[in-house]
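Sharing a structure below in structure tokens format, with a few things to ask.
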Amino acid sequence: MKAERLAERISVEVHLEEDHRAALARDVRLGLTMEPKELPPKYFYDERGSRLFEQITELEEYYPTRTERAILRDRGEEILAAAGDPSTLVELGSGSASKTRHLLDAMRRRECLGAYVPVDISPEITLETAESLVGEYEGLGVHCVVCDFERDLERIPPAPDGGLIAFLGGTIGNFYPDARREFLGRIAASLGERDMLLLGTDLIKERRRLEAAYDDSLGVTAEFNKNVLRVLNAQLGADFDPAAFEHVARYDDRAARMDIRLRSLCDQRVTLRGIDLEVTFDAAEEMRTEISCKFTRHRLEQVYASAGLRMCGWFPDPARDYALSLARRR
Ligand code: SAH
Ligand code: AVI
């Protein structure tokens with residue numbers, strides 16, 4: 001099919017630009033002047049960070065992606081039937097949408113496939129994904145929303161007649177409980193009578209497997225973690241030396257979450273020219289860069305209830321490593 005005909009089926013709205021830089025500057029100033037220091041995980045994902053995440057998903061130790069893929073492949077139609085055969089699929093944090101194709105395939109088989117709305121903070125990966133998808137799915141309309149889904153959730157257009165909002169990959173695990181409740185509550189408020197949420201969650205399991213998944217033997221996750229320092233160097237004129245930090249990934253079983261940090265290898269001073277900030281790190285000082293919460297079915301039901309949602313479908317893999325669930329407004 002001609003390139004221009006395919007391009008006609010893609011539309012794009014971008015809500016980043018200066019706002020994004022201002023938000024980055026504000027978040028980084030706050031995070032680096034707090035005790036202990038902390039940076040939000042959404043800034044991992046520039047073009048390089050998105051590629052590194054793609055490599056993580058292919059690692060032997062990182063089971064969530066292949067497990068979620070298998071559930072979508074094997075139970076995609078069952079999930080769609082339970083969701084009332086939506087014609088629009090909205091995906092938050094869509095990335096390369098590689099697993100989403102199983103859902104789109106199932107929608108095509110069930111003859112309900114209409115539109116796909118990828119929502120992601122990374123423009124490069126979102127546009128690349130849209131271009132591949134219109135080539136692969138005849139007649140599919142793709143409306144890209146490039147934004148920070150936490151800030152811009154309400155700007156995502158509502159599905160005209162029944163939509164499914166997918167939030168896959170376990171990304172909900174990267175929220176703190178209060179932010180998670182607030183965010184799920186906003187999703188609940190945006191759901192129409194016939195809409196549903198499809199949420200991917202990693203499940204609690206033994207420490208050894210969890211820690212290996214976040215500290216792989218090839219060091220890809222370490223590179224991904226340190227990528228946030230490169231983002232600050234590029235966007236805020238900082239002079240972080242990524243080699244002066246090491247990757248730390250520990251499971252906190254009381255909070256049921258992975259705790260991911262960068263540990264300074266020496267006493268050091270870092271300047272962020274773009275925001276006129278200087279910070280010091282002591283040797284062995286740790287800065288949190290991400291949490292990744294793990295769930296049980298019961299715990300997730302409570303999380304849904306506290307956000308005004310009700311679980312109406314539970315789709316774990318046979319080994320109970322990972323689960324997809326459907327929820328609707330209470
Ligand atoms: N859904 C894919 C990708 C998960 S990685 C999968 O399951 O494999 C998390 C994705 O969410 C990345 O593509 C990242 O760019 C995006 N993301 C993270 N924080 C975001 C935010 N606040 N707003 C929009 N997108 C975000
Ligand atoms: C995107 N998110 C669900 C990943 C996770 O597993 O929490 C991010 C990640 N961080 C390190 N490895 C993967």
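Would you confirm whether any residue within segment 284-293 is open to solvent by 10 Å² or more (accessible area, probe 1.4 Å) and polar (S, T, N, Q)?
No, because not a single residue in segment 284-293 is open to solvent by 10 Å² or more (accessible area, probe 1.4 Å) and polar (S, T, N, Q).
Continuing with the same structure: Which condition number does Leu24 fail, the rest of (1) more than 14 Å from ligand 1 (Cβ to nearest atom); (2) outside any loop (DSSP other than H, G, I, E, B) being met?
(1)
Could you pull out every one of the helices (runs of 4 or more DSSP H) wholly within segment 107-206 that has 3 or more residues that are more than 26 Å from Asp46 (Cα to Cα)?
Qualifying helices (runs of 4 or more DSSP H): 177-190.
A further question on this structure: Is one or more of the residues making up segment 35-43 within 12 Å of ligand 2 (Cβ to nearest atom), among the hydroxyl-bearing types (Ser, Thr, Tyr) and either surrounded by fewer than 16 Cβ atoms within 10 Å (Cβ to Cβ) or part of a helix (DSSP H, G or I) (or both)?
No; the residues of segment 35-43 include none that is within 12 Å of ligand 2 (Cβ to nearest atom), among the hydroxyl-bearing types (Ser, Thr, Tyr) and either surrounded by fewer than 16 Cβ atoms within 10 Å (Cβ to Cβ) or part of a helix (DSSP H, G or I) (or both).
Looking at segment 255-283, which of its residues are touching a Cys at 6+ places or on another chain (Cβ under 9 Å) and open to solvent by less than 10 Å² (accessible area, probe 1.4 Å)?
Within segment 255-283, Met258, Phe281 qualify.
Still on this structure, I have one more. For segment 151-176, which residues satisfy the criterion of being surrounded by fewer than 16 Cβ atoms within 10 Å (Cβ to Cβ), touching a residue at least 40 places away in the same chain (Cβ under 8 Å) and not aromatic (Phe, Trp, Tyr)?
Matches in segment 151-176: Arg151, Arg155, Pro157, Pro160, Asp161.
Moving to a separate point now. Would you mind telling me which numbered condition in (1) polar (S, T, N, Q); (2) within 21 Å of Glu68 (Cβ to Cβ); (3) surrounded by fewer than 16 Cβ atoms within 10 Å (Cβ to Cβ) Thr201 fails?
The failed condition is (3).
Kindly indicate whether Ser98 is open to solvent by 30 Å² or more (accessible area, probe 1.4 Å), within 15 Å of the chain's Cα centre (by Cα) and within 13 Å of ligand 1 (Cβ to nearest atom).
Against the criterion (open to solvent by 30 Å² or more (accessible area, probe 1.4 Å), within 15 Å of the chain's Cα centre (by Cα) and within 13 Å of ligand 1 (Cβ to nearest atom)), Ser98 qualifies.
Being surrounded by fewer than 21 Cβ atoms within 10 Å (Cβ to Cβ) and basic (Lys, Arg) is the filter here; which residues of segment 225-254 pass it?
Matches in segment 225-254: Arg230, Arg250, Arg254.
I'd like to verify a number: residues in segment 50-83 that are open to solvent by 60 Å² or more (accessible area, probe 1.4 Å), within 15 Å of ligand 1 (Cβ to nearest atom) and of a type in the set (D, E, K, R), how many?
Residues that pass the stated criteria total 5.
Restricting the search to segment 59-77, which residues are assigned to a loop (DSSP other than H, G, I, E, B) and either more than 16 Å from the chain's Cα centre (by Cα) or hydrophobic (A, V, I, L, M, F, W, C) (or both)?
Hits for segment 59-77 are Leu59, Glu60, Glu61.
Right, another one. List the number of the failed condition for Arg21; all other conditions in (1) over 30 Å from Met287 (Cβ atoms); (2) away from ligand 2 (no atom under 15 Å from the Cβ) hold.
(1)
The values are calculated or read from the model by the stated rules, or taken from the named source; none is laboratory data. Predicted, not measured: the structure shown is a model, and the values here were computed from it. Positions of Cβ are generated from backbone atoms using ideal geometry, with glycine treated the same way; all protein chains shown enter the neighbour counts. These area figures cover heavy atoms from the full protein model, side chains too; ligands, DNA and RNA do not enter into them. Shrake-Rupley method; radii C 1.70, N 1.55, O 1.52, S 1.80 Å.
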